[in-house]
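Here the structure is laid out as structure tokens; the discussion comes afterwards.
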Amino acid sequence: MNSASNLTQLLLVKALNESSDGIAIVDARKAGFPVIYASKGFENMTGYASAEVMGKNFRLFQGSDTNQSELVLLRSAMAKGEACIATLRNYRKDGTMYWNELCITPVYDDDGLLSHFISIQKNVSAKILLEQQLKTLTNTDPVSGINNRRHFDERFSNLLSIAKRIQSEMSVLLINLDYFKDFNERYGQSAGDECLQKVGRCIAKSFQRTSDCAARFSGEEFSVVSLSSNLEGLHQHIQKLCELVSTLNIPHSDSPHGVVTITIGGIQHLPNRDTTQEELIELANLKLLAATRNGGNCVNILD
Ligand SMILES: Cc1cc2nc3c(=O)[nH]c(=O)nc-3n(C[C@H](O)[C@H](O)[C@H](O)COP(=O)(O)O)c2cc1C
């Protein structure tokens, strides 16, 4: 190697080490894709000295957290010898987690054979945290603290598509706080908000499976949509909810029941191809109206 190319090489290594992102190279010709280079930025990000990772596979940074959806993408790209970007949870030497935006690029030799992969590793934890906070803000009702209507509509549409595809029944509930306007007038708006918060929490607690979505629907009305084919199970959840609300024991002197109560109207329905969200809400609303007309504090569910 002449002195000019020697100088270029030194400069390249120096430049790689100056980058605050991690830069690494693995040997793709050897089993286990061992690390053959890891930059200073990589050391700073992970807390590992580069000598400690030499010859190892980078999966060591995942610890036991190896069931990550983006790994599927990464494995498939690597198997095809293609470039890929994946965001992974990784763990520093001290065990703390950071989000690693990993960008890998294949390197082919003069014979067209895959010889190496190079990577740029970026710590994107701050960005992911912001995205998560934004998502929570976008999906949460600021008063009750549970899901808002926007998120409910989105999840409802999702669950309805699944129910149609797998031919599952679904339940839709509308839950109303009885005599809530009177409550607000007597006890004031902040007591009203607190009451919505407490009841909202009971509803979210009673319907928390991944196939459920509970939300504040409008004003003093909450809604629940859930994939379920078991009417008895649904009644059990509703009973749990009624018990939780009754345990709150929030005084309401303008209600004939003396405390804050709820009324639930709902349906369980096997959707067909043409069933719409609006239709199901309307059916649940009819049940709710009938129950409210009877003085509230009751449940009106029909399949
Ligand atoms: C150049 C390169 C750099 C990599 N860097 C990381 C990394 O920083 N963190 C990580 O979790 N995985 C990294 N990987 C991915 C893992 O080495 C491994 O390919 C991945 O876990 C999927 O393979 P496995 O199913 O055998 O674990 C990197 C892969 C390559 C090719």
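Condition check ((1) surrounded by 14 or more Cβ atoms within 10 Å (Cβ to Cβ); (2) in contact with a Lys or Arg (Cβ under 6 Å, 6 or more places away or on another chain)) across all residues:
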| position | (1), (2) |
| --- | --- |
| PHE222 | yes, yes |
| SER246 | yes, no |
| ASN249 | no, no |
| VAL259 | yes, no |
| ILE264 | yes, no |
| ILE267 | yes, no |
| task | Could you grab the pairs with beta carbons closer than 7 Å, sequence gap of 6+ or different chains, first residue in region 170-186 and in a loop (DSSP other than H, G, I, E, B), second one of a type in the set (A, V, I, L, M, F, W, C)? | result | ASP178/ILE262
| field | Sole residue being at pLDDT 95 or above and farther than 30 Å from ARG29 by Cβ, chosen from LYS93, LYS127 | value | LYS127
| In region 122-141, what residues are of a type in the set (Lys, Arg) and assigned to a helix (DSSP H, G or I)? | LYS127, LYS135
| Restricting attention to region 16-31, which residues are assigned to a strand (DSSP E or B), more than 8 Å from the ligand (Cβ to nearest atom) and under 10 Å from PHE42 (Cα atoms)? | ILE23
| field | Residue check, LEU73 closer than 15 Å to ILE120 by Cβ, more than 9 Å from the ligand (Cβ to nearest atom), surrounded by 11 or more Cβ atoms within 10 Å (Cβ to Cβ) and touching a residue at least 12 places away in the same chain (Cβ under 8 Å) | value | no
| task | Test each condition in (1) farther than 22 Å from LYS40 by Cβ; (2) more than 8 Å from the ligand (Cβ to nearest atom); (3) outside any helix (DSSP H, G or I) for ALA79 and report the one that comes out false. | result | (3)
| task | Report, by residue number, each residue of region 210-220 that is free of Cβ contacts under 8 Å to residues at least 60 places away in the same chain and in a strand (DSSP E or B). | result | ASP212
| Does region 120-140 include one or more residues that are in contact (Cβ under 8 Å) with a residue 60 or more places away in the chain and among the charged types (D, E, K, R)? | yes
| query | Of all residues in region 187-209, which are hydroxyl-bearing (Ser, Thr, Tyr) and either outside any helix (DSSP H, G or I) or in contact with a strand residue (DSSP E or B) (Cβ under 9 Å, 6 or more places away or on another chain) (or both)? | reply | TYR187, SER206
| Across region 32-44, what is the number of residues that are within 9 Å of the ligand (Cβ to nearest atom), touching a residue at least 24 places away in the same chain (Cβ under 8 Å) and surrounded by 13 or more Cβ atoms within 10 Å (Cβ to Cβ)? | 2
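The values are calculated or read from the model by the stated rules, or taken from the named source; none is laboratory data. Values in this document were obtained by computation on a predicted structure and should not be read as measured data. Neighbour counts are summed over all protein chains in view; Cβ atoms, including those assigned to glycine, are modelled from backbone coordinates with ideal geometry.
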